1. In this structure, is residue 180 more than 14 Å from residue 128 (Cβ to Cβ), under 22 Å from the mean Cα position of the chain (by Cα) and assigned by TED's automatic domain parsing to the domain that holds residue 120?
2. Step by step: first the residues of the range 142-191, then only those that are surrounded by 14 or more Cβ atoms within 10 Å (Cβ to Cβ) and of a type in the set (Ser, Thr, Tyr), then the one that is nearest to residue 117 (Cα to Cα). Which residue is that?
3. Need pairs with beta-carbon distance below 9 Å; first residue free of Cβ contacts under 8 Å to residues at least 40 places away in the same chain and in the same structural domain as residue 18 (by TED's automatic domain parsing) and within the range 119-144, second assigned to a helix (DSSP H, G or I) and of a type in the set (A, V, I, L, M); sequence gap 6+ or separate chains.
4. Is it the case, given these coordinates, that residue 102 is at pLDDT 80 or above, more than 16 Å from the ligand (Cβ to nearest atom) and aromatic (Phe, Trp, Tyr)?
Amino acid sequence: MYQLPEKIKLRKESQGDVHIYYVRHEEIGDLGRIVLSEYMGQSHFSSEVCGNPNDPLTQKRLEIFKPIAEDLIEEVSKQLKSPSQDIPLGSYKPEAKSSEHFVESQLLCCIKCNTPVCRIVYTHKNTQADIEDYYRLVFKEFKKFDILTYIVGLVDTYTEQVLVLKAYPQRDEKPEKIDANIFDVKVQNMQSGHCGV
Ligand SMILES: [Zn+2]
């Protein structure tokens with residue numbers, strides 16, 4: 001069984017076929033969470049670190065969280081492949097590496113009260129089809145988290161434009177190509193606007 005690093009606590013919450021693993025550090029608090037969901041017979045993992053991108057602590061949390069998340073996903077993947085589990089053997093792709101299901105997302109919180117205001121899923125790819133692939137992978141989680149969610153592509157380094165799909169609660173018909181800075185400002189405004197700072 002996977003041995004957690006010192007000072008790290010893990011809590012699991014399940015709802016239907018969505019399982020959430022909360023990772024907490026004794027001193028610096030919540031680090032992030034890993035979500036395992038089953039969709040069309042495939043296991044899908046996503047992970048997200050807590051905190052705002054501009055907060056220096058977020059980077060620290062990410063440094064601690066990332067290796068834990070990777071180990072945990074590997075461990076859980078192994079368990080999924082074990083015949084002793086309830087999941088039928090044919091319900092996952094054994095050849096698929098867990099990293100292929102590793103979706104990077106970030107929960108952005110109000111800068112004052114720390115209430116989550118939106119979630120951003122990073123695809124690191126830049127076509128509309130890639131965005132749609134990610135949408136299919138993560139849409140099951142949307143309801144569970146019930147939070148405004150955007151799926152964003154890779155920023156084009158020449159035009160500084162990025163594809164953004166508003167995915168939840170009301171999904172847009174297709175991704176919109178917008179200036180990356182405009183999107184950043186929009187998100188920052190949501191974070192500062194929540195408590196009207
Ligand atoms: Zn607030």
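The values are calculated or read from the model by the stated rules, or taken from the named source; none is laboratory data. What you see is a predicted model; the values in this text were computed from it and never measured. Methodologically, a virtual Cβ is constructed for each residue, glycine included, from the backbone with ideal geometry; neighbour enumeration extends over all protein chains shown.
1. Considered against the rule, which asks whether it is more than 14 Å from residue 128 (Cβ to Cβ), under 22 Å from the mean Cα position of the chain (by Cα) and assigned by TED's automatic domain parsing to the domain that holds residue 120, residue 180 comes out as yes.
2. My answer is 149.
3. As it stands, the answer is none, since no pair meets every condition given.
4. So residue 102 fails the test.
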